[in-house]
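Engineer: First the structure, which I've put down as structure tokens, then a few questions once you've had a look.
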Amino acid sequence: MRFGRNLVLFAICAAAPAAADETMLDKGMDMFDSGKLLATGGVSALEGSGGGGVTTWALISGYGTRDGIGANAHGTYVSTGDYSLWTGGVSVGLFDRVELSYTHQEFDTEKVGALLGLGEGFTLDQDVYGAKVKIVGDAVYDQDSLLPQISAGVQYKHNDRGALVRAIGASSNNGTDYYLAATKLFLAQSLLVDVTLRETKANQFGFLGFGGDKNRDYSTEFEGSAAYLFSRKFAVGVDYRTKPDNLSIAREDNAWDVFAAYFITKNVSVTAAYVDLGNIVLKDHQQGAYVSLQVGL
Amino acid sequence: MKKIALAFALVLGTAAAQADDTLYRDMGGADAIKKIASDTADNFLADPRIKDTFDNTNMDRFRILLGEQFCNVAGGPCQYTGRNMAETHKGLHLTNMDFNAVVEDLQKAMDKNNVPFATQNRFLARLAPMQHDIVTK
């Protein structure tokens, strides 16, 4: 059933470029100007905001310029050996200034679910509603200054397993992350760099709730990315993200990944990564494949 | 201390002077850059997004000026004899989409003339700030 829903999501993703063919564009969809340069919309990160793999960047997602709008849909699958994760979502970029996103995530406990007495394949679902505003700078054009593009954003997360996450020590199944992201394309070096600071209470991105018996308050966490552009279509990079450690029942580690993104066209891109999420409840060394398909305008 | 600073400045200064025409040479020198400019102009005229902008342009002169500018920006021994970017594009109401179309047309021309991607980016990095003067809408 769960798989079926994800299959539908992927089908929608796959059908989107066909639906948005030229005739539709001709009929007054001029606002979707697709005017940004290839790859400068970034990709959808794990939580649905424009960014890298596990990091959120200052770029506004989609290919709309400051005179237009862009839209993006993504489906991402992560397998870490003992767990797996599906995420699917949509985002819109308004006038290269504001980004709104919605993403649904399903964290599958697979066999560990049985060990924990929850049942094999027990899932923790989460909805993430995101908003981001570009404050200053342009990551691409401002090559004559060191000023990065700086954006501020929020991600409201709602986990559907309230009783469970409270039982393991979390304070809440809802949480709001606040972040400040600075992204700069060092074009002469073909290098894109991001640094993001996040205020968060999330345990394992929110899958284990928010706040905990060890710490109920916000912590300031760091995200960093560097990506080298090998061509207009192909980039390889690394993401690093620190996370809080609020629960005494399960140690939480920092996350990192190495990714390759291939921008087939402005409408379709694929990201593949090797991701390491560290310890997740009972299981150390949660590392494995990350695959993401993105379609958009 | 002063001596060290002076030596440091000299080294930096020398490095800067030597690096000056590196990009120009990496792009293939005078003839290659002239060809890139001409191919770029061809691409502009074939690009439905921006070709109308050149309706009243003397394209022969435009090609020469674009070549001069490219050569000059790349650090080559050329003078750009045209007007500045703000003046040239005044009243054209160009958008970021137009600017990016120009970038894509230039990239296509550099691809055609076998300029490596990393070298293209070094060149584009010098042109990118012109967006501030060219995009007025």
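The values are calculated or read from the model by the stated rules, or taken from the named source; none is laboratory data. Computed from a predicted structure; not experimentally measured. Quick reminder, even Gly has a Cβ in these numbers, built from the backbone with ideal geometry, and neighbours come from all protein chains shown. We work out accessible area using only protein heavy atoms, side chains counted, and drop any ligands, DNA or RNA first. Shrake-Rupley method; radii C 1.70, N 1.55, O 1.52, S 1.80 Å.
Engineer: Mind listing whichever residues of region A:60-76 are open to solvent by 10 Å² or more (accessible area, probe 1.4 Å), hydrophobic (A, V, I, L, M, F, W, C) and more than 15 Å from A:Tyr102 (Cβ to Cβ)?
Structural biologist: A:Ile69
Engineer: Yes or no: region B:70-84 includes at least one residue that is within 11 Å of another protein chain (Cβ to nearest Cβ) and either hydroxyl-bearing (Ser, Thr, Tyr) or at positive phi (or both). Give the steps one after another, and end with the answer.
Structural biologist: At the first step, the residues of region B:70-84 found to be within 11 Å of another protein chain (Cβ to nearest Cβ) are none.
Checked region B:70-84: no residue is within 11 Å of another protein chain (Cβ to nearest Cβ) and either hydroxyl-bearing (Ser, Thr, Tyr) or at positive phi (or both).
Engineer: Going through A:Ser219, A:Ser172 one at a time, which residue ends up being touching a helix residue (DSSP H, G or I) at 6+ places or on another chain (Cβ under 9 Å) and touching a residue at least 24 places away in the same chain (Cβ under 8 Å)?
Structural biologist: The unique qualifying residue is A:Ser172.
Engineer: I'd like to verify a number: residues in region B:59-80 that are in a loop (DSSP other than H, G, I, E, B) and open to solvent by less than 90 Å² (accessible area, probe 1.4 Å), how many?
Structural biologist: Qualifying residue count for the region: 5.
Engineer: For residues in region A:130-170 being among the β-branched types (Val, Ile, Thr) and assigned to a strand (DSSP E or B), which is nearest to A:Asn215 (Cα to Cα)?
Structural biologist: Among residues in region A:130-170 that are among the β-branched types (Val, Ile, Thr) and assigned to a strand (DSSP E or B), the one nearest to A:Asn215 (Cα to Cα) is A:Val154.
Engineer: Name the one entry in B:Lys51, B:Lys90, B:Lys108 that is free of Cβ contacts under 8 Å to residues at least 40 places away in the same chain and either at positive phi or open to solvent by 20 Å² or more (accessible area, probe 1.4 Å) (or both).
Structural biologist: Result of the check over B:Lys51, B:Lys90, B:Lys108: B:Lys51.
Engineer: I would also like to ask the following. In region A:109-128, which residues are among the charged types (D, E, K, R) and closer than 17 Å to A:Asn159 by Cα?
Structural biologist: Matches in region A:109-128: A:Asp125, A:Asp127.
Engineer: Which count do you get for residues in region A:230-258 that are surrounded by 22 or more Cβ atoms within 10 Å (Cβ to Cβ) and within 14 Å of another protein chain (Cβ to nearest Cβ)?
Structural biologist: Adding up the residues that qualify gives 1.
Engineer: Give region B:99-137 a look and list any residue that's part of a helix (DSSP H, G or I), facing another protein chain (nearest Cβ under 8 Å) and among the charged types (D, E, K, R), or say none.
Structural biologist: B:Glu104, B:Arg122, B:Arg126
Engineer: Now a separate question. Does A:Leu180 satisfy being of a type outside the set (S, T, N, Q), assigned to a strand (DSSP E or B), in contact with a Leu (Cβ under 7 Å, 6 or more places away or on another chain) and within 14 Å of chain B (Cβ to nearest Cβ)?
Structural biologist: no
Engineer: Would you call A:Tyr102 at pLDDT 95 or above, farther than 22 Å from A:Ser151 by Cα, within 17 Å of the chain's Cα centre (by Cα) and surrounded by fewer than 18 Cβ atoms within 10 Å (Cβ to Cβ)?
Structural biologist: Working: at pLDDT 95 or above: yes; farther than 22 Å from A:Ser151 by Cα: no; within 17 Å of the chain's Cα centre (by Cα): yes; surrounded by fewer than 18 Cβ atoms within 10 Å (Cβ to Cβ): yes.
No: the conditions fail for A:Tyr102.
Engineer: Please go through region A:128-154 and pick out each residue that is within 13 Å of chain B (Cβ to nearest Cβ) and among the β-branched types (Val, Ile, Thr).
Structural biologist: Within region A:128-154, just A:Val140 meets the criteria.
Engineer: Is there a residue in region A:207-214 that is away from every other protein chain (no Cβ under 14 Å), under 27 Å from A:Pro148 (Cβ atoms) and within 16 Å of the chain's Cα centre (by Cα)?
Structural biologist: no
Engineer: Return the total of residues in region A:163-181 being under 16 Å from the mean Cα position of the chain (by Cα) and open to solvent by 20 Å² or more (accessible area, probe 1.4 Å).
Structural biologist: 3
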